[in-house]
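Worksheet: one structure, shown below.
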Amino acid sequence: MPCRKIIHIDMDAFYASVEQRDNPEYKGKPIAVGGGGERGVVAAASYEARKFGVRSAMPGKQAKKNCPELIFVKPRFDVYKSVSNQIQNIFLEYTDLVEPLSLDEAYLDVTSPKKGKNSATLIAKEIRERIFDELQLTASAGISYNKFLAKIASDVNKPNGMFVIHPDKAFEFIEKLPVERFHGVGKVTAQKFKKLRIHNGLDLKEAGLEFILKHFGKNGLFFYDISRGIDNRPVEPDRDRKSVGAENTFSKDLIEKQELNEVMTEISDILYRRLLKAGLWGKTLTIKIKYHDFQQITRSKSYADTLSNKDDILYQSCELLHQNRQADKPIRLLGISFSHLEPYGSKPGKQLKLNFRETGKHLRNQKIKRGS
């Protein structure tokens, strides 16, 4: 089987860059696409704003505190979608194997390209140049023999750069890679790794399959494989996203309400960032609960309008969890997902009218009595 040639293209600060391109007065200035009000959230930040710690999914109030000169720009999701389609059309000139992950990133399998030289590196270079020449936007690219390494590589020389991980250099690269930079490893999982004295790819590789499966469940097999440079997932064209979700398997089973709420906060934060990046809202919220004995249940709730407020997502998820879990039974995995997805701007979601003391903000900022 020939070695695959995979490119991961990731646009640089996409929403913010489009705004800076279309509005010259924003060039070189710290801008945040999103709301700066009491419950506003940053959808994207320019690199000038990121220097001050402003990032996606951050509350607008905190972003303004970090960067007093920050300029908030109202999102234009119809424009971002249109530009994304133009970028996808460039990709499709080189290969039919294009898997969009969101409005601003995609995998391309150019093992057998439709045009250009038979070199993934040269194709990535040409695509980046065309995006800049035709759309006045910059993109970063990662090139390797599988999706995991290509995605990691696209972040190495970001913004406006590219990086190649050759097959003969992959093991050396992975062994030195900190676990928090592994795709699919969030803050909670990274902390779990470090508590187990796994700090980089070499530590992960030497931990052994039995140990990894014990502590990370089904995700452990994925971590075990990628620590050895193995990722056989194909690039899937015409990927029609049916849902967006996030989940976490715990190193120890949880039963206390406070601990479960804290974990739900982490998961809902990850989910919210993924929704922002995908340019989608959802109408049906689903939670997944897996108990210590591997019994698994899912519970869903649908809404008349898309649920698009960060605190509302957390509140509704916690409500669904505590209404349906067996309170005396330890939990080993929790997940939250959205289906019945709609693009941003198609129909604005309504903010739910919640009792302030019961909102997600309260869950984030107040101590919850154990067992209450």
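The values are calculated or read from the model by the stated rules, or taken from the named source; none is laboratory data. Given the structure is predicted, the values throughout are model-derived calculations rather than measurements. We place every Cβ from the backbone using ideal geometry, glycine too, and count neighbours over all the protein chains shown.
Looking across the stretch 70-82, the residues that are closer than 20 Å to residue 42 by Cα and more than 20 Å from the chain's Cα centre (by Cα) come down to 70, 71, 72, 73, 74, 76, 78, 79.
Could you check, for the stretch 187-210, whether at least one of its residues is part of a helix (DSSP H, G or I), surrounded by 15 or more Cβ atoms within 10 Å (Cβ to Cβ), out of contact with any Lys or Arg (no Cβ under 6 Å at 6 or more places or on another chain) and modelled with pLDDT under 85? Yes; the residues of the stretch 187-210 include at least one that is part of a helix (DSSP H, G or I), surrounded by 15 or more Cβ atoms within 10 Å (Cβ to Cβ), out of contact with any Lys or Arg (no Cβ under 6 Å at 6 or more places or on another chain) and modelled with pLDDT under 85.
Name the pairs whose Cβ atoms lie under 7 Å apart, with the first residue in the stretch 110-131 and more than 15 Å from residue 164 (Cα to Cα) and without any contact (Cβ under 8 Å) to a residue 24 or more places away in the chain, the second surrounded by 16 or more Cβ atoms within 10 Å (Cβ to Cβ) and charged (D, E, K, R), and 6 or more positions between them or separate chains? Correct list of pairs: 116/126. Annotation note: Cβ proximity below 7 Å between a residue of the stretch 225-244 that is closer than 17 Å to residue 105 by Cβ and in the same structural domain as residue 111 (by TED's automatic domain parsing) and a residue that is at pLDDT 85 or above and loosely packed, with under 12 Cβ neighbours inside 10 Å (sequence gap 6+ or interchain) occurs for no pair.
When each of 230, 267, 297 is tested for being surrounded by 19 or more Cβ atoms within 10 Å (Cβ to Cβ) and either over 30 Å from residue 35 (Cα atoms) or among the hydrophobic types (A, V, I, L, M, F, W, C) (or both), the lone residue that passes is 267.
The residues of the stretch 92-127 that are touching a helix residue (DSSP H, G or I) at 6+ places or on another chain (Cβ under 6 Å) and among the hydroxyl-bearing types (Ser, Thr, Tyr), listed by number, are 94, 102, 107.
Only one of 144, 140 is crowded, with 17+ Cβ neighbours inside 10 Å, under 15 Å from residue 12 (Cβ atoms), of a type in the set (Ser, Thr, Tyr) and touching a helix residue (DSSP H, G or I) at 6+ places or on another chain (Cβ under 9 Å). Can you tell me which? Quick ask: steps written out before the conclusion?
Details: 144 fails: under 15 Å from residue 12 (Cβ atoms).
When all the criteria are applied, what remains is 140.
Which of the residues belonging to the stretch 235-251 are modelled with pLDDT of 80 or more and closer than 18 Å to residue 341 by Cβ?
First, pick out the residues of the stretch 235-251 that are modelled with pLDDT of 80 or more: 235-237, 243-250.
Of everything in the stretch 235-251, those that are modelled with pLDDT of 80 or more and closer than 18 Å to residue 341 by Cβ turn out to be 236, 243, 244, 245, 246, 247.
If you filter the stretch 211-221 down to residues that are crowded, with 18+ Cβ neighbours inside 10 Å and hydrophobic (A, V, I, L, M, F, W, C), you find that the one that is nearest to the chain's Cα centre (by Cα) is 216.
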